[in-house]
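Data block below; observations after.
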Amino acid sequence: MLLNQFLLLGAVLFSIGVYGVLVRRNGVLVLMSIELILNAVNINLIAFGAYNESLSGQVFALFVIAVAAAEVGVGLAIVLLLYRNRQNIDLDDVSSMRG
Amino acid sequence: MIAQNIAFGIIAASATFGALKLVTTRNVVHAALWLVVVLASVGASFLLVGAEFVGVTQFLVYIGAVVVLFLFGTMLTRAPIGKLGGLTSARWWVGLVVAVPLFALLAYALLDAFGDEELPSDALPQRTADVSDSIFGTYLIPFEVMGLLLTAALTGAIVLARKE
């Protein structure tokens, strides 16, 4: 297998995730797109770990998974708070800090 | 070798298709289910290169816990189940203008840098014991910091979501 197969799959997922973050208005869907981006990173770490025959890539991928879990927990709590205060989670409406 | 490439093709196709549906579907619950497809494909690609512990962790943590969290988030914010307008910004082409050139740039850089580099063909599954040796040896302090980070994040989430 070519190294580039995995790296290109990661690039595809990353780009689709960036598209989702930019385009989606619903807070939960934006968080899901961020998960796509983090998964693209994990594919890269695993692929380079296999390429260099090193275990560090796998350990870093595990760290990324743990950080992603923490991020989802805090992110959903923020979305929940947003819903409680404004009765919707449309991110286009969250503009009270705009200068 | 050929079997691996066929398996990779199936994985890549399902991951890409699932990701595209995830960012275009008009139903929040369906988006969570497409996320499962993407995460399972990515986990399968980890197994394909022999990273079995990370692959199993991907299934357990992501599909087991994170997707359930997303479904809870959908329920608690009372997103209407079913088709829904207004999930996508009216200026969706801006995202396309960013994402397509970004992918073109990444693909060009990758093809330029790693043209025909092969993964080592005799890659055996890396033993989970070796991974744990690496975590609890070389990366012990980052691992402990990670535990602290998770505790802090979950405490913070509880504080944020708690009713006054």
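The values are calculated or read from the model by the stated rules, or taken from the named source; none is laboratory data. Computed from a prediction, not measured in an experiment: that's the story for all the values here. Note: ideal-geometry Cβ built from the backbone for every residue, glycine included; neighbour counts use all protein chains shown. What goes into the accessible areas is simple: the full protein's heavy atoms, side chains included, and nothing from ligands, DNA or RNA. Shrake-Rupley method; radii C 1.70, N 1.55, O 1.52, S 1.80 Å.
Some observations on this one:
- Residues that are at the interface with chain A (Cβ under 9 Å from one of its Cβ atoms) and over 21 Å from residue B:56 (Cα atoms), drawn from the range B:126-150: B:138, B:142, B:149
- Any hit, the range B:15-27, residues being touching a residue at least 24 places away in the same chain (Cβ under 8 Å) and farther than 20 Å from residue B:88 by Cα: yes
- Checking each residue in the range B:26-69 for being modelled with pLDDT under 90 and within 14 Å of residue A:26 (Cβ to Cβ) picks out B:26, B:27, B:28, B:29.
- Search result, residues across the range A:40-92 that are within 7 Å of another protein chain (Cβ to nearest Cβ), in contact with a Phe, Trp or Tyr (Cβ under 9 Å, 6 or more places away or on another chain) and not in a helix (DSSP H, G or I): A:89
- Those residues of the range A:81-95 which are polar (S, T, N, Q) and open to solvent by less than 100 Å² (accessible area, probe 1.4 Å), in sequence order: A:88, A:95
- Looking at A:61, A:68, A:47, A:11, just one residue is at pLDDT 90 or above, under 12 Å from the mean Cα position of the chain (by Cα) and surrounded by 19 or more Cβ atoms within 10 Å (Cβ to Cβ), and that residue is A:68.
- Qualifying residue in the range A:8-19 (condition: at the interface with chain B (Cβ under 7 Å from one of its Cβ atoms) and either in contact with a Cys (Cβ under 6 Å, 6 or more places away or on another chain) or farther than 26 Å from residue B:55 by Cβ (or both)): yes
- Verdict on residue A:35 being in a loop (DSSP other than H, G, I, E, B), within 7 Å of chain B (Cβ to nearest Cβ) and under 29 Å from residue B:13 (Cβ atoms): no
- Members of the range B:124-164 found to be surrounded by 13 or more Cβ atoms within 10 Å (Cβ to Cβ) and small (Gly, Ala, Ser), listed by number: B:132, B:134, B:153, B:156, B:157, B:161
- Here residue B:74 meets each of (1) open to solvent by 60 Å² or more (accessible area, probe 1.4 Å); (2) in a helix (DSSP H, G or I); (3) at pLDDT below 90; (4) within 9 Å of chain A (Cβ to nearest Cβ) with one exception, condition (1).
- Within the range B:24-36, the set of residues being closer than 18 Å to residue A:38 by Cα and in contact with a Ser or Thr (Cβ under 6 Å, 6 or more places away or on another chain) comprises B:31 only.
- The one condition from (1) in contact with an Asp or Glu (Cβ under 9 Å, 6 or more places away or on another chain); (2) modelled with pLDDT of 90 or more that residue A:20 does not meet is (1).
- Residue under evaluation residue B:69, criteria (1) surrounded by fewer than 23 Cβ atoms within 10 Å (Cβ to Cβ); (2) within 22 Å of residue A:20 (Cα to Cα); (3) in contact (Cβ under 8 Å) with a residue 12 or more places away in the chain, criterion not met: (3)
- Enumeration of residues in the range A:20-32 that are in contact with a Ser or Thr (Cβ under 9 Å, 6 or more places away or on another chain) and facing another protein chain (nearest Cβ under 7 Å): A:20, A:22, A:23, A:24, A:25, A:26, A:28, A:29
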